[in-house]
Amino acid sequence: MNDVMNTAPQASAKINLVKARGSLVWDDQGKEYIDCTAQAWSNNLGANDPRVVEAAIAQLRDMTHIRPNFGSPAHTRLVAKLREVSPASLNQMGFALHGSLAGEMAMKLAFKNRPGAQNLLVLQDGYHGRSLATLGASWPHPNNPFLAIQPRFTRVPHPNPYRTRLGLDPETESQLCLGLLEDTILKGVDGGVAAVMMEPIQGNGGHIEFPRSYYKGVREICDRLGVLLIFDEVQTGFGRMGTMWAADYYDVLPDIIVFGKGVGGGFPLAGILADDKLKWFDEGEEALTFGHFPVSLAAGYAAVEAIVADNLCEKARDSGDYITARLKEMQSRHPLIGDVRGPGLMASIELVKDRTTKEPACRESQEVYRLGVERGVLFGESRYAGLGNLIKVKPPLDIERPLLAKALDVLDDVIGILEEQRS
Ligand SMILES: Cc1ncc(COP(=O)(O)O)c(C=O)c1O
């Protein structure tokens, strides 16, 4: 019988983690690892930050569960804190414990505000979660057994600057994809479109960042055609890109932001920020028993306060610049490295067998992960969608420079070993 914990066929499933501090984790054999995954890019603030742990313990002592139709100091404080960091007019908010459910909340709010609309558009290669609706909104899962009960969404093509179509330059491809988006809204679907939902940088789908013109263009099309724009910032939010939000980085204000991961300081917390102009849910339309879990809300308050107090956006920019410079230098020596991606600590490399054909080096990528583990570094992998040849370097935003340098030294070494084996 399958161990339910080990159904993911990843090397990481074999490691039992027992302790974490900052950017370090330890397994049950006492082995130490530098965690360049921040545990699914969630520990934006280093693991087990005492401020977060103490806030959670204090809340645990007072009250562990509060039904969401009651108020609580933990809720009031987090709402006020998030308003301090949320973009301009995105002051309405709702909470959940998982990014997937927050994504569904955003979808529901969009349809509530576009009565009669029949469609939600998403981008190809996007990833929005594993609940039924967000699974449907993500890239097509191979051998998906849930199709019969999964809502369907229309996926539109997006630009991919590293692999443009027909050899187009990235800017022309961006304009082409904007044209296709507009055509799809106007001519590609029956019934109106409530919203376009997109990750500003596609995380699981391959760390794909679009040309700047694409973000502005999508906003312009949505405005002109009366369609709402949802940014899924579950990965990009709370400083990972060197700004609080990708919306700040690209200077584009969506109507709804979905957040998760980094907000909880290691506790399960997610939610949405919605523009003041949107009509909020009526009673009973959005009610989850543990939706306002006060321990997570208290931890989230402490985490967001610490992200601001510790200048983690600035630190992510600084460490991001360092990583990018080092990765580009490695690229100049290692033909396996086809592309270096950022910004900030949304850092990664794409490994290719040949820089001209850009054939993905999937086996080598898995070897980088395995050899990294042997040498005490956990790198992020991207096996789900896209090409499966991405190595992600996305540690906590406050990782100390010597640890980051050591992790990159290991990356340099293992890529060198793999190249030697090939020659
Ligand atoms: C962009 C994005 N949206 C949504 C989710 C789903 O979040 P969760 O796993 O907390 O449901 C993820 C998780 O990886 C994600 O990367």
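The values are calculated or read from the model by the stated rules, or taken from the named source; none is laboratory data. From a predicted model like this one, the values you see are computed outputs, not experimental measurements. We place every Cβ from the backbone using ideal geometry, glycine too, and count neighbours over all the protein chains shown. Ligands, DNA and RNA are excluded from the accessible area calculation, which covers all protein heavy atoms including side chains. Shrake-Rupley method; radii C 1.70, N 1.55, O 1.52, S 1.80 Å.
Ordered from largest to smallest accessible area (heavy atoms of protein chains, 1.4 Å probe), the residues T164, T289 come out as T289, T164.
Could you work out the Kirkwood radius for the range 61-191, taking every pair of different alpha carbons, averaging 1/r and inverting it, reported in Å?
18.0
When each of the peptides 401-409, 186-194 is scored by the mean number of other C-beta atoms lying within 10 Å of its residues, the order from highest to lowest reads 401-409, 186-194.
A simple count of charges around E305, restricted to other residues whose Cβ falls under 9 Å of its Cβ and scoring Lys, Arg +1 and Asp, Glu -1, yields +2. Counting only whole DSSP H helices of the chain, the ones at least 15 Å long by C-alpha along their axis and with mean Kyte-Doolittle hydropathy no lower than -1.0 are 50-62, 73-85, 99-113, 170-183, 212-225, 294-309, 362-374, 401-422. Where only DSSP H runs of four or more residues are counted, the chain gives -12000 deg cm²/dmol as its mean residue ellipticity at 222 nm, each run worth -39500 (n - 2.57).
Working note: Cα gyration tensor of the range 281-419, eigenvalues times five, square-rooted, sorted largest first, giving semi-axes of 34, 20, 14 Å. Among the listed pairs K328/K392; K14/K394; K14/K406; K353/K394, give every one whose C-alpha distance is greater than 19 Å. Correct reply: K14/K394; K14/K406; K353/K394. Solvent-accessible area of T76, all protein chains in place: 90 Å² (probe radius 1.4 Å, heavy atoms, ligands and nucleic acids excluded).
Add +1 for every Lys or Arg and -1 for every Asp or Glu among the other residues with Cβ under 14 Å from the Cβ of G179, and state the total.
Value of the local net charge: -2.
Among beta bridges from DSSP that stay inside the chain, the antiparallel ones total about 65%.
Bridgeable aspartates and glutamates around K19 (alpha carbons under 14 Å apart, same-chain partners fewer than 8 residues away excluded): D27, D28, E32, D35, D49. Within a straight-line Cα-Cα reach of under 30 Å, K277 can be paired with the following lysines, leaving aside sequence neighbours fewer than 8 residues apart in one chain: K81, K108, K112, K187, K216, K261.
Out of every Cα-Cα pair that the chain contains, those further apart than 38 angstrom amount to 19 percent.
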